[in-house]
Structures are given as C-alpha cells and as structure tokens.
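The values are calculated or read from the model by the stated rules, or taken from the named source; none is laboratory data. As the structure is a prediction and not an experimental result, all values here were calculated from the model. Heads up, the Cβs are rebuilt from the backbone with ideal geometry, glycines too, and the neighbour counts pull from every protein chain shown.
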C-alpha cells in the first residue's frame, strides 16, 4: 500500500453528478423490499475487472491501488459496490481507456435503450 | 394479477408471487453497461471473455471451501493429500483452480496453503496489498475484507480486530496473520468443534462458514451463517484510538 499509483484525484464531472442522489443499492434496495445485498450489476463489474486484468489493459494490482487512493481521496462517502464502480471508471478515464465525452454519450444511449417500451 | 403473471408461456397456471425487485434504472447500472460496451468496442476485452468471467463469478461461493474442510475433518487420507497438494485435492471435491481460462485468472491461479488451527494456534487471513482471496474456494470476497481498514489494522492489532467480529481468543492461543498476495492464497482449517463427533460431512459443512475459513469466526454447532453487525473493521477507527487505549 506504500506505492502510489498514477491516479489523478481530480474529480470527474460525469461521476460527481451521480453522487448524493440516494440511488446507491444499500439505500434503494430496502425501499423496494429487496434483500439481495448486491445490485444485479455487481457480478458483471467483477467480471469486467477480471477481463481488464487478463488483457493487461488494467492489471489488478494497479486497479486496486488506484481504488484505495481514490476511495480515500474522492469517494470515501460512497458505499460499495458503487465506490468500486466509480473508482474503476475514474481509473479508466485517467488511463485514457475511455473518454468522459464518449462515456456520457453512451450512457444516454444505454438509458434510452433500457427505458424503451 | 395480470395475464402474464398468471400464466407461463406453456399455459400452465402460475400463481406464485414474484420476488420484489428494484423498479428503477439507476445511473450506476447505466454506467456499468456503458463502460463495458465501450471497453469491448475499444478491444480491451471481448464479450465472450466477459461472459466467461461472469459465469465464473456466479459459480463460485464459500460452499466449496466448506466441503473441503468437512472432508478433511472426516477423512484422514484426504487430509494428508490436501495438506500435501491442496490444489490437486480440490479437484476431488469438484473445485478446479484452472477455471475459467485453463490457467485460472491471473489473480487466482496461485500457490494455495491450508492453515491448520490447533487448540493453541489460530490463523486469520488478509491481503495487505489489495484483496487477494481464494475465490475458487470461497467465492467473491466480502466488502469488509477489501477495506484498507481491515487490511491495515489486522496485521497490527489482530486480537482487537477479531474481537470486533465477536471472536475473543484467550491469551494462551497464539494468533498468526497470513498475508495473501498474487501468488499465495490461504484458507483456514479450523479445529473441529466438540459436539460434532457423529456428524456427516454435509452436517459439518453447514457450520463451516466463510468467516471461519478466513479466520474471523470459529465453527460451532448451530452457527450456520455469517451474520454480524457493522463493525469497526469496516468503519475506520483512527490509530490514535489504539494508542490511547494502550496507555
């Protein structure tokens, strides 16, 4: 834990906008009477972390080091697994694996797809 | 009850009540999908890779570790094989450390050691560096195991941390903390509790919970689940607290 990652702790606008809305699973699940401790996307997130490790795009040790630093510096008030997701995306943005602009655009596309009736 | 709820696709009556679900789409759910799709489009990994690792994550859990411990308790010959070559012995109970890729995952395929407790020696496991964990045997690590608070404090004040989990060990019991890393994984083999002498493997496996195999709990008849309140190992306590307590 003594080594520092290359993570940039400056806040990311896209991710900041998601905080403090009371939409974390530990808040939301009881509102609907759901007892599963984890949101449905948790397993997919874990698989994504493994995939990034296997491909070498983001090795586990680098990811976890960045996660530790960001959890303390930026996302300390966000519960798991949302904090894990935010720190992963923050790290991927820092590394240029995705851009904030394309991510924002894709989020709009995904939401409209999920909300289609 | 609407028509879709009452009848399944083959027309059979279907009266059970659906389990509750979160009926809104959160930005977190959307973000996970969006970043995954972009990662696949950018060639960071394939959709097939993701499907395979998702299936792996869904398939592992602490039941494998429970079976391993129960079999060791009841089968001396298996115990000898397991202590000699744990990964090979795991195959006998259907746990294959080479999954899902044929060589495990980079963070999983490792040297596994079974830490045998005795009445005067207790082991507990952590990963100070990140969150290395024997996933093929125990599944995905609990959130508290990943926290820097647990990892930092366990190696310094193991008895205090164990007490926060409700495990208070007498002074004559030595406590050893084993620190996992990318190549070394550990599972604790607890002492078989008294009162279980005539139990079957299946009965024994029920009391060998995840926390027992990490070393933050002890198996006992009647205890079949890891239920504990939010403890300090999850919520940080500043180190000055310990310094003051030591004065």
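Considering only residues that are within 13 Å of residue B:37 (Cα to Cα) and part of a helix (DSSP H, G or I), look in the stretch A:86-107 and name the one that is nearest to the chain's Cα centre (by Cα).
A:89
Can you find, within the stretch A:18-57, the residue that is modelled with the highest pLDDT among those that are more than 8 Å from chain B (Cβ to nearest Cβ) and assigned to a loop (DSSP other than H, G, I, E, B)?
My answer is A:56.
Residues that are crowded, with 17+ Cβ neighbours inside 10 Å and away from chain A (no Cβ under 14 Å), at least 3 per element: which helices (runs of 4 or more DSSP H) completely within the stretch B:85-153 meet that? Steps first, please.
Values: elements: B:86-92, B:135-138, B:143-146.
So the answer is B:86-92.
Would you check which residues across the stretch A:61-83 are at the interface with chain B (Cβ under 8 Å from one of its Cβ atoms), crowded, with 20+ Cβ neighbours inside 10 Å and under 13 Å from residue B:107 (Cβ atoms) and list them?
Within the stretch A:61-83, A:64 is the sole residue that qualifies.
Filter the stretch A:1-54 for residues that are more than 23 Å from residue A:105 (Cβ to Cβ) and touching a helix residue (DSSP H, G or I) at 6+ places or on another chain (Cβ under 6 Å) and give the result.
Within the stretch A:1-54, A:5, A:7, A:9, A:24, A:39, A:43, A:46, A:47, A:50, A:53 meet the criteria.
For residues in the stretch B:27-58 being in contact with a helix residue (DSSP H, G or I) (Cβ under 7 Å, 6 or more places away or on another chain) and not in a helix (DSSP H, G or I), which is surrounded by the fewest Cβ atoms within 10 Å (Cβ to Cβ)?
The qualifying residue surrounded by the fewest Cβ atoms within 10 Å (Cβ to Cβ) is B:46.
For the stretch B:211-229, check the following and say yes or no: at least one residue is in contact with a strand residue (DSSP E or B) (Cβ under 9 Å, 6 or more places away or on another chain), surrounded by fewer than 17 Cβ atoms within 10 Å (Cβ to Cβ), farther than 30 Å from residue B:101 by Cβ and at pLDDT 95 or above.
no
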